[in-house]
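What follows is calculated from the coordinates using simple rules that are stated; it is not laboratory data. This structure is a prediction, so every number in the text was calculated from the model and none was measured. Cβ placement follows ideal geometry from the backbone for every residue including glycine, while neighbour counts extend to all protein chains displayed.
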Amino acid sequence: MIRIKVNGTAQTLADDIDPATPLLWVLRDHLHLVGSKYGCGAGFCGACTVHLNGAPIRSCSIRAADVADMDITTIEGLAGKHGQLHPLQQAWIEHDVPQCGYCQAGQLMAAAALLRDKPSPTDADIDSAMSGIFCRCGTYRRIRAAIHSAAAASAKPAEGKNS
Ligand code: FES
Ligand code: FES
């Protein structure tokens, strides 16, 4: 029996789930969290990116058994508890980032991990953190602009407190 915690909720996986099943399939097919997308299934495209204990990982390339008792956050868990959008989601809307949208859950999860580690990232930081998340629609410039906007928006309350 495998236990995982997804978006703050403990989940016990059914006994008939093969422990070697990739996490992405567990999320999509068994927990019905279909925001994380299947792109390549081989760790190359980043469409399946989720957070594992806070770090971005490719959920297609890690076995369910290897994430037992760990905290997983998917795109469905990025917004606040009461549904308030993450600053990145807000910025994504403001910059009209998605085109077809297929890669965007992975983009947002990678960007969220970046902002947690570097609240005011440079262009180089963004390019480095996001380089492995492919977008066939070429939304990279809007992604970069949206990340800068979200960083600025997140910094505002802290600045206000000190003034
Ligand atoms: S689907 Fe996981 S990296 Fe492409
Ligand atoms: S928005 Fe279409 S693949 Fe990125």
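Extension gain, ALA42-ASP69: 0.36 nm per intervening residue step, less the Cα-Cα distance, totals 7.3 nm.
Rounded to the nearest 500, the helix-only mean residue ellipticity at 222 nm of the chain stands at -10500 deg cm²/dmol, with each DSSP H run of n ≥ 4 adding -39,500 (n - 2.57). By definition, a body whose alpha carbon gyration tensor gives a ≥ b ≥ c is oblate when a/c is 1.5 or more and a/b is not larger than b/c, and segment 47-105 fits this oblate description.
3J(HN,Hα) couplings calculated from phi for segment 117-131 with the Karplus curve 6.51 cos²θ - 1.76 cosθ + 1.60 (θ = phi - 60°) are, in sequence order, 7, 9, x, 10, x, 7, 4, 5, 4, 5, 4, 5, 5, 9, 5 Hz; Gly and Pro show x.
When peptides 40-52, 128-140, 4-16 are sorted by average Cβ neighbour count within 10 Å, with the highest value leading, the order is 40-52, 128-140, 4-16.
Shown here are the Rg and Dmax of the Cα trace of segment 1-88, at 12.4, 39 Å.
The ellipsoid that matches the Cα gyration tensor of segment 100-146 has semi-axes, each √(5λ) in whole angstrom, of 17, 11, 8, with the longest given first. Would any residue of segment 102-120 have its amide N under 12 Å from a label point 7 Å out along Cα→Cβ of ALA152? List them or say none. It comes to no residues whatsoever.
Summing +1 for each Lys or Arg and -1 for each Asp or Glu among the other residues whose beta-carbon sits under 11 angstrom from that of CYS45 gives +3. Computed from Cα atoms, the angle from the helix 140-162 axis to the main principal axis of the chain rounds to 70 degrees. Computed over the chain, the percent of Cα pairs more than 28 Å apart is 22.
Spacing of the modelled spin labels on LYS118 and THR21, each 7 Å from Cα toward Cβ, amounts to 3.7 nm.
Around LEU85, under 13 Å between beta carbons, what's the net of Lys plus Arg minus Asp minus Glu among the other residues? Combined, the nearby Lys, Arg, Asp and Glu give -1.
The H on the amide N of VAL6, modeled in the peptide plane, is under 5 Å from the matching H of GLN11, ILE72, each at least 5 residues off or on a different chain.
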